[in-house]
Amino acid sequence: MAFRCLATRIKPNGPGLSGAVTTLSTSSFRASLQPMKRPYSTHQSREGGSNIMLFVGLTALGGAGHYYYRQNPNLFGTAKKVNSEPVDYEQVYKDISAILENNDVSIFVNHSYDDGSYGPVLLRLAWHASGTYDVETKTGGSNSASMRFEPEASHGANNGLKIARDLLEPIKAKYPGISYGDLWTLAGVCAIQELGGPSISWRPGRTDGLNAESCARDGLLPDATKKENHIRDIFYRMGFDDQEIVALTGAHALGRCHPDRSGFDGPWSEQPTLFSNEYYKVISERQWVKKDLENGGWQWVDKSNPSVMMLPAEIAMFNDKEFRKYFELYAKDQDKFFKDFAKAFGKLIELGVPFKGDEKVYKFEPVDA
Ligand code: HEM
């Protein structure tokens, strides 16, 4: 069942970069969740004929109309139709590739440049936008780009992704015809390919949700503190099998955990900006010891290089007989990993997207091959 947000009064993240590092405080977010008061009374006065009541009623009605218009600007057909302009997706890809390593923009988006690339955080955005899909109810997925709205923007699982969303705003401004859902998934494809990963087929067709009603409910993405069966429940709900789950998790060859986002700390390998099967080699070849974290949690670290880490859920997956055979397969065979990853990731970013069927399928040439 689709989750309906109460927070229809909350606006999406603005398009400008000026607010790039600000987030809605918990108190203002809660305040904005207060249910709307009815703008006018339906009770007729028995005394009748009160001009004051009529005036108050009409004023309130006008106010409500103005408010409703602001929330639904397309209703009266006067808003700019953002999705009607043709888009040069090849050029969008090239523009995204150009910002992956452009540290100049870090002044706007704070400390996200980590290891020399914005690729990992962009890939995480594409995945979290898509991974809310539910195969039974056919809700969620990348179609509406609902993470632009509260409360989804502030779901704990999405901590840090405002950096990625803000980073793409100048590209959205340059190509107003692209939907956010298309832009975010295309950025994920670009990140994978430019950081050395396999070629991923991509096609446009996502339409943006207009307001918070499109938000996914909290709790649909995997919880890294849990065990293998939780991971199965989450990914089976999206329609993936064990092999696809292990293949997708290989994306952790890229990037790192941040104490201020997930609470975990560190990369999964010594080369967090190179897409390869290194993740599987690291998890199967190293000796893992538990490390307590300052925030009260814990993670696994490599005994001989404690800066390299694994999440509790990942070692639980690795210790599962069914999952283990795929970890071992991909550790030995990078080509097989690339092939399976490309297929599973292509499926992930298309979950819940109502394609018409005649969209052009793109295979973008890596710029930095
Ligand atoms: C077993 C399921 C998964 C769990 C429990 C999990 C959990 C996490 C956590 C806790 C982080 C750290 C976030 C931070 O602190 O910045 C993270 C980062 C990341 N995840 Fe996952 N994830 C899973 C699956 C996936 C999948 C399927 C993909 C993509 C296909 C993915 C791509 C990434 C990337 C690229 C990062 C690095 C982001 C950065 O460096 O900023 N993850 N994940």
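The values are calculated or read from the model by the stated rules, or taken from the named source; none is laboratory data. On a predicted model such as this, the values are computed, not experimentally measured, just so you know. Because the Cβ atoms are built from the backbone with ideal geometry, glycine has one as well, and the counts that use them run over all protein chains shown.
Below are the figures for this structure:
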item: Gly352, sole failed condition from (1) in a loop (DSSP other than H, G, I, E, B); (2) surrounded by fewer than 19 Cβ atoms within 10 Å (Cβ to Cβ); result: (2)
item: Residues (among the charged types (D, E, K, R) and under 11 Å from Phe327 (Cβ atoms)) located in the stretch 245-284; result: Lys281
item: Residue in the stretch 130-144 that is of a type outside the set (Asp, Glu), assigned to a helix (DSSP H, G or I), modelled with pLDDT of 95 or more and under 19 Å from Arg237 (Cα atoms) present; result: yes
item: Test set (1) surrounded by fewer than 20 Cβ atoms within 10 Å (Cβ to Cβ); (2) more than 11 Å from the ligand (Cβ to nearest atom); (3) not hydroxyl-bearing (Ser, Thr, Tyr) - Leu183 fails condition number; result: (1)
item: Asp104 vs. criteria assigned to a loop (DSSP other than H, G, I, E, B) and at pLDDT below 95; result: no
item: Options Gly131, Gly156, Gly140, Gly188; residue that is under 15 Å from the mean Cα position of the chain (by Cα), within 16 Å of the ligand (Cβ to nearest atom) and surrounded by fewer than 19 Cβ atoms within 10 Å (Cβ to Cβ); result: Gly156
item: Enumeration of residues in the stretch 215-256 that are near the ligand (Cβ under 8 Å from one of its atoms), surrounded by 19 or more Cβ atoms within 10 Å (Cβ to Cβ) and aliphatic (A, V, I, L, M); result: Ala224, Ile231, Ile234, Ile245, Leu248, Ala251, Leu254
item: Scope the stretch 277-314; condition within 13 Å of the ligand (Cβ to nearest atom) and assigned to a loop (DSSP other than H, G, I, E, B); matching residues; result: Leu293, Asn295, Gly297, Leu311
item: Test for Lys339: is it in a helix (DSSP H, G or I), in contact with a Pro (Cβ under 9 Å, 6 or more places away or on another chain) and more than 13 Å from the ligand (Cβ to nearest atom); result: yes
